[in-house]
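Here the structure is laid out as structure tokens; the discussion comes afterwards.
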Amino acid sequence: MAVQSPSAPTPAPAEQFTVAAQAFLKNVLASLGVAPGSEFARSLQSIGVDSTKLAALQARAFQMHTALWQSTLAHEAGHDATPVAPPDRGDRRFSSAEWQRIPWFDYLRQSYLINSRFLSDSIEALEAEPRAKERLRFIARQVSDAMSPANFAATNPEALKLALDTKGESLTQGIRQLIEDVHKGRISTTDESVFELGKNLAVTEGAVVFENELIQLIQYKPVTPTVFERPLVMIPPCINKYYILDLQPENSLVRYALEQGHPVFMVSWRNITAELGHLTWDDYIEKGVLKALEVSRVICAAEKVNALGFCVGGTMLGAALAVMDQKGERGVESATFLASMLDFSDTGDIGLFIDEARVALREAAIGKSGIMSGRDLALVFSALRANDLVWSYVVNNYLKGKSPEAFDLLYWNADSTNLPGPMYCWYVRNTYLENRLHEPGKTEVLGVPVDLGKIAVPAYVLATREDHIVPWRTAYRTTQLLGGDMRFVLGASGHIAGVVNPASKNKRSHWLGGNLAADPEEWLAAAKEEPGSWWRDWSSWLGGFGGGRVKARTRPGNTKFKPIEPAPGRYVKQRIV
């Protein structure tokens, strides 16, 4: 009789759970294009599972599915049934009456919500280091959002009803729009035919008074008889176009600043093409920010200007101010940072998938010359709010065959710009990956060490409470970095709507506080909520740095910097095709 070799011991339940969880997560990562050798993929090796918690979650999910089945049977029999898994507040995907009225679709909706919450709760049951768990939460949201029954024609009662009512025309039109968007390379989120730059967007009157290979500088026509002697120079993000700050007259921060008596200049960034793919971060600081500040001073014959930076523009402004300080230049009277980061220690979801392997891959591909596609960057930002910026338009445009409504913010959002590879790679490595900018002397810009603590100009720092790109607590850290007097304001809403919040409409609210404690939560606990826009508070603050009033000059430029063309200029009209 042959002697059988002993079989391998059966893994313990906890170990089985762990192996199964790691295998599942690896499959999900592979489907999302995450390389097996990436730092994130390797971090999964250390993930463990609390089998007791997971078993309890499985039992709870089973109970809820059982209760849902019983509820569905009662619903089909004509009895009222209390929802087992109601949608979260603000979830508009299932707001149509058909989702509740028809038992089958009510079952699909609630079953999906039970499974979605089980997936989310299961992530919380994993034993993982914080960064890995944050990444897993993000992946769980992406998977869950994508699998919603609202996203598929066969399981969306609104789409099916519309197809029947229109005898299939809605689906036919949806296919047409899908084909158009495939050729366009992106999902249409607004009716782009309604808008035209210089006609109903970016219409504030002005002229381009300077240009180089990277920027055009716009000087706006004053709208008041007298103006402050110090101009306001606006530095918008270079990832999108400048006109987020000058959409339409009723929501234009440019127009508002002009009405308060500020001479206003605007940087309009170039949409990078192949021949400009060699430009660096230093080029953006020298040829962009510093040059705009210099030209504005010369045109207005002012020793100093007030500067404003929004998002990445604020990061650039901080770097430029540090360079000016090291060189002994004192050409800026005050600085405004709108939804900007100088300390990148907590960058929210956008930083979750930035690791050494990915950055090194980009550096090898475009680090010396090349283009970082604005379209690719736009997809990343859309994924941060997939239900709002992706799936809702998939349903509206393709399943229902409807055209999106005209919305200026979304037109701007779709008008992205390319970045030069060297500039992009430097930015991602020195901020998101290594967070070197905020440490004194840790990095250099234009050959000088950066020390943000030596920047002594007064600063107005605005963050927005629901910002998914620049978390407000991270923006708050600017108050602990700079060396001058500081005013911090927290606006309601998100990254764009919280900034573009016209004073005339008196919407939303903002929070003001006194003591800038090291802990942002301590500041918030003592802050006072004020109704309406932060614009008025900023205007009152900025007025203290404008200097005396002088007669407004209606002719743009001067003898050295003559008008080149009317605003909005050529650069802003260059779109990605």
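For the set VAL264, VAL457, solvent exposure ranked by accessible area (probe 1.4 Å, protein chains only) runs largest to smallest as VAL457, VAL264.
Note that the chain presents 45 Å² accessible area per residue, ligands and nucleic acids not counted, probe 1.4 Å. Once both labels are positioned 7 Å from their Cα atoms along Cα-to-Cβ, the gap between PHE407 and LYS573 label points is 2.8 nm.
Straight Cα distances below 24 angstrom link LYS560 to the lysines LYS221, LYS287, LYS291, LYS304, LYS551, with same-chain residues fewer than 8 positions distant left out.
Here the Karplus curve 6.51 cos²θ - 1.76 cosθ + 1.60, taken at θ = phi - 60°, turns the phi angles of region 64-72 into couplings of 5, 5, 5, 5, 5, 4, 5, 5, 5 Hz, with x standing for Gly and Pro.
Accessible area per residue was computed with a 1.4 Å probe on protein heavy atoms; GLU192 scores about 40 Å².
Is region 40-178 rounded, prolate or oblate when judged by the Cα gyration tensor, a ≥ b ≥ c being the square roots of its eigenvalues, rounded requiring a/c under 1.5 and prolate requiring a/b larger than b/c? Here region 40-178 falls in the oblate category. For THR190, nonlocal amide neighbours, meaning residues 5 or more places apart or on other chains whose placed amide H falls under 5 Å from its own, do not occur. Going by the alpha-carbon gyration tensor, a ≥ b ≥ c the square roots of its eigenvalues, is region 122-184 rounded (a/c under 1.5) or, if a/c is not under 1.5, prolate (a/b greater than b/c) versus oblate? The shape class here is oblate. Rounded to the nearest 10 degrees, the inclination of helix 374-384 to the longest alpha-carbon principal axis of the chain is 50 degrees. Our summary gives the chain a relative contact order of 17 percent, counting only alpha carbon pairs under 8 angstrom and 6 or more residues apart. Relative to the dominant Cα principal axis of the chain, helix 169-184 is inclined by about 50°.
Within region 47-97, the trypsin sites (Lys or Arg not before Pro) that combine a DSSP coil assignment with at most 12 other C-beta atoms in a 10 angstrom radius are ARG89.
Considering helices alone, the calculated mean residue ellipticity of the chain at 222 nm is -11000 deg cm²/dmol, with DSSP H runs of length four and up weighted by -39500 (n - 2.57) and normalised per residue. Of the labelled options [x] 19, 52, 26, 3, 0; [y] 21, 56, 22, 1; [z] 18, 48, 27, 6, 1, 0, which one gives P(r) over Cα pairs in 20 Å bins from 0, in percent as computed for this structure? Matching entry in [x] 19, 52, 26, 3, 0; [y] 21, 56, 22, 1; [z] 18, 48, 27, 6, 1, 0: [z].
Remark: region 513-524, residue by residue, has Karplus-estimated 3J(HN,Hα) of x, x, 6, 8, 5, 5, 8, x, 5, 5, 4, 5 Hz, where x stands for each Gly or Pro and the curve is 6.51 cos²θ - 1.76 cosθ + 1.60 at θ = phi - 60°.
Rounded to whole numbers, the Karplus 3J(HN,Hα) couplings from phi for region 230-235 are 9, x, 9, 10, 9, 10 Hz, using 6.51 cos²θ - 1.76 cosθ + 1.60 with θ = phi - 60°, and x at Gly and Pro. Out of the total accessible area of region 318-419 (probe 1.4 Å, heavy atoms of protein only), what percent is carbon and sulfur? That share works out to 52 percent. Rounded to the nearest 10 degrees, the inclination of helix 103-125 to the longest alpha-carbon principal axis of the chain is 70 degrees.
In this rough spin-label picture, where each label sits 7 Å from Cα along the Cβ direction, the GLU522-LYS327 distance is 3.8 nm.
Here region 91-124 is scanned for amide nitrogen atoms under 20 Å from the site 7 Å beyond the Cα of TRP69 along Cα-to-Cβ, giving 103-119. Once you order the gyration tensor axes a ≥ b ≥ c over the Cα atoms, which shape class does region 291-377 get: rounded for a/c under 1.5, otherwise prolate or oblate by comparing a/b with b/c? Prolate is the answer for region 291-377, as a/c is 1.5 or above and a/b outweighs b/c. The Cα center of region 340-375 and the Cα center of region 263-338 differ in position by 22 Å.
Computing FRET efficiency as 1/(1 + (r/R0)^6) for LEU361 and ASP121, where r is the C-beta to C-beta distance and R0 is 30 Å, gives about 0.30. Taking amide H as placed 1.01 Å from N in the peptide plane, the amide H of GLY370 sits under 5 Å from that of GLY277, HIS278, GLY421, each at least 5 places away or on another chain. Electrostatic tally near ARG255: other residues with Cβ closer than 12 Å to its Cβ, Lys and Arg +1, Asp and Glu -1, net -3.
Each peptide in 167-173, 296-302 gets a packing score, the mean of other Cβ atoms within 10 Å over its residues, and the list from highest to lowest is 296-302, 167-173. How big is the antiparallel share of DSSP beta bridges in the chain, given as a percent to the nearest 5? If I count the DSSP bridges inside the chain, around 55 percent turn out antiparallel.
Amide hydrogen proximity for GLU565: with H placed 1.01 Å from N in the peptide plane, the residues at 5 or more positions away or on another chain lying under 5 Å are VAL208.
The values are calculated or read from the model by the stated rules, or taken from the named source; none is laboratory data. These numbers were taken from a predicted model, which means no experiment stands behind them. Glycine gets a Cβ as well: all are built from the backbone with ideal geometry, and neighbour counts include every protein chain shown. Areas reflect the complete protein model, heavy atoms only, side chains present, ligands, DNA and RNA absent. Shrake-Rupley method; radii C 1.70, N 1.55, O 1.52, S 1.80 Å.
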